[in-house]
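A short write-up of the structure that comes next.
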Amino acid sequence: MSERAATLLQGRRENMERALGRTLATPEEGADDSIPDETRSYLLGEAQDLYWNEIEWELITDEEARDAGTLAELTFPGMLAYVRGLLLSEVMPDSLSPASPRPQVVSDVLDFVATRLVVLQDELSDPDKSDRERLQAEMEMTGGLIDRVLYLYHGLDEQDIERLEQVEA
């Protein structure tokens, strides 16, 4: 991850902490130490595929467009469900498999999406770019996705999210 992407994520976390008046909780980091690199890479690749598929679908259909922009939870339903699955820490008592949270993979997903946002910012700063409207739309959707993944990663409840969104408005 680039230094700019790390700074972007850190800045968003600090803004959330300031708005909530408390430090954000972090999932147990040791939960997925036993993930082989190959598995971790595969899980990240699946998230990347979801990102590209969902962003392209939205750019083609403009299905979730609203006057105030797009909503990440509508634009990226599959990716957000995937992230929730990676963070799942409890399963039903009759489940055949135990919960196996993978917060480190979600951290990798955040790195990927933040890096993509930095790339989009760089592309938008190029005066010769002809597809500025598409880049701007993708940048807004990606920024919203970062916030939603951070909400999930840090276990924020609906009240916290409402407070954060009121501060942004």
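Numbers at a glance
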read-out	value
Sole residue being at pLDDT below 85 and out of contact with any Asp or Glu (no Cβ under 7 Å at 6 or more places or on another chain), chosen from 93, 127, 77	127
Qualifying position, being more than 11 Å from the chain's Cα centre (by Cα), of a type in the set (Val, Ile, Thr) and within 28 Å of residue 162 (Cα to Cα), among 106, 118	118
Counted residues, the stretch 67-123 - those being β-branched (Val, Ile, Thr), closer than 23 Å to residue 39 by Cα and crowded, with 20+ Cβ neighbours inside 10 Å	5
Residues that are assigned to a helix (DSSP H, G or I) and of a type in the set (Asp, Glu), drawn from the stretch 102-142	108, 111, 122, 123, 133, 138, 140
Pick from the stretch 45-71, criterion in contact with a helix residue (DSSP H, G or I) (Cβ under 7 Å, 6 or more places away or on another chain) and under 17 Å from residue 134 (Cβ atoms), ranking: modelled with the highest pLDDT	51
Output for the stretch 139-165, where each listed residue is under 17 Å from residue 86 (Cβ atoms) and of a type outside the set (D, E, K, R)	145, 146, 149, 150, 151, 152, 153, 154, 155, 156
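The values are calculated or read from the model by the stated rules, or taken from the named source; none is laboratory data. Computed from a prediction, not measured in an experiment: that's the story for all the values here. All Cβ positions, even for glycine, are placed from backbone atoms using ideal geometry, and neighbour counts span all protein chains on display.
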